[in-house]
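Remarks on the structure that follows.
The values are calculated or read from the model by the stated rules, or taken from the named source; none is laboratory data. Just so it is clear, the structure is predicted and the values come from calculations on it, not from any experiment. Cβ atoms come from the backbone with ideal geometry, glycine included; neighbour counts cover every protein chain shown.
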Amino acid sequence: MNMERKILKRICWFLFMFVICSTILTASPLDRGVDLYKQRKLEEAITYLNEIKAIVSPQEKKHVYILIARCYWTKATYYTQDNKNKAEVFAKGLQAIKEAQEILGEDARFYYWEAVLVGEKANAFFSIDSFTAADTIKELCNRVIALDPSYDDGGAYLILGRMYYMLPKLFGGNNEESIHYLLKAKKYMDMRPNDERKHFVYKFLAESYVAQREWRKAKQALFDGLNCPKDQDAPHEESPSYLEMEKLLNKINQTLKD
């Protein structure tokens, strides 16, 4: 009996060590960078990701550069107040994407994050340059669509839809075009019903419908957006979207009542 117990213990210990070793061997260096980003330890994540660029595989290297760009975008958009510092952070993000393109070649993901950074920079520094950046954003998004229209759940369509809403008519703004592209983005997001970011497309659609005075459609988009699943682990910077949708819904109800 004692011998059987010893053998059983050894088997259990072997299986335990096998699982531990398998986990260690299959873990990617990129995983730590992802965890740091999720914790919003952005500077630490950027430093770490720059350190592992030289040791990861070419495919992982693409993910490393994309995550670096995403860190800079998040830092500039949500965690940097001073305009001069904000501009420098956006510039570093764009520099990372340009470096990735030079080393690793053409990729829909690189064009996408370049479009995101150019767009957010234009939105942050509202000037005549913001409007002229639209042509660059359109070109980049069209390249994404040509290579992989499904990337980031139709993210290129989402960018175009929002851009046409934000632009004044004098510079190419067009609410019908906005709705057209946002509905295309929605088709991709509908393929993933539990996508926690889906509320963004509904919020943007509602605002474009309001601009067209299509109150019923705007109201339905807001209902759908507010009923989207919320990511309990989502960073606090996403919370204002839900509050803005509630305010807009109340405003529409008041308009319809009057």
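Things to note:
- All helices (runs of 4 or more DSSP H) inside segment 53-168 with 3 or more residues being more than 30 Å from ALA211 (Cα to Cα): 58-78, 83-104, 108-124
- Single condition LEU226 does not satisfy, out of (1) farther than 19 Å from ASN142 by Cα; (2) in contact (Cβ under 8 Å) with a residue 40 or more places away in the chain; (3) touching a helix residue (DSSP H, G or I) at 6+ places or on another chain (Cβ under 6 Å): (2)
- Checking each residue in segment 166-184 for being of a type outside the set (S, T, N, Q) and at pLDDT 95 or above picks out GLU176, GLU177, ILE179, HIS180, TYR181, LEU182, LEU183, LYS184.
- Condition check for LEU140: over 25 Å from PHE125 (Cα atoms) and modelled with pLDDT of 95 or more: no
- Residue in segment 57-73 that is within 22 Å of ASN123 (Cβ to Cβ) and surrounded by fewer than 18 Cβ atoms within 10 Å (Cβ to Cβ) present: no
- Residue match in segment 205-212 (condition: surrounded by fewer than 17 Cβ atoms within 10 Å (Cβ to Cβ), under 30 Å from LEU256 (Cα atoms), assigned by TED's automatic domain parsing to the domain that holds THR255 and not acidic (Asp, Glu)): yes
- Contacts under 9 angstrom Cβ, first residue in segment 143-164 being closer than 15 Å to LEU117 by Cα and in the same structural domain as GLY119 (by TED's automatic domain parsing), partner among the acidic types (Asp, Glu) and in a loop (DSSP other than H, G, I, E, B), 6 or more apart: ALA156/ASP148
- Qualifying residue in segment 232-248 (condition: modelled with pLDDT of 95 or more, hydroxyl-bearing (Ser, Thr, Tyr) and not assigned by TED's automatic domain parsing to the domain that holds TYR79): no
- A single entry from ALA124, ALA76 fulfils the requirement of being surrounded by 15 or more Cβ atoms within 10 Å (Cβ to Cβ), farther than 20 Å from LEU30 by Cα and modelled with pLDDT under 90: ALA124.
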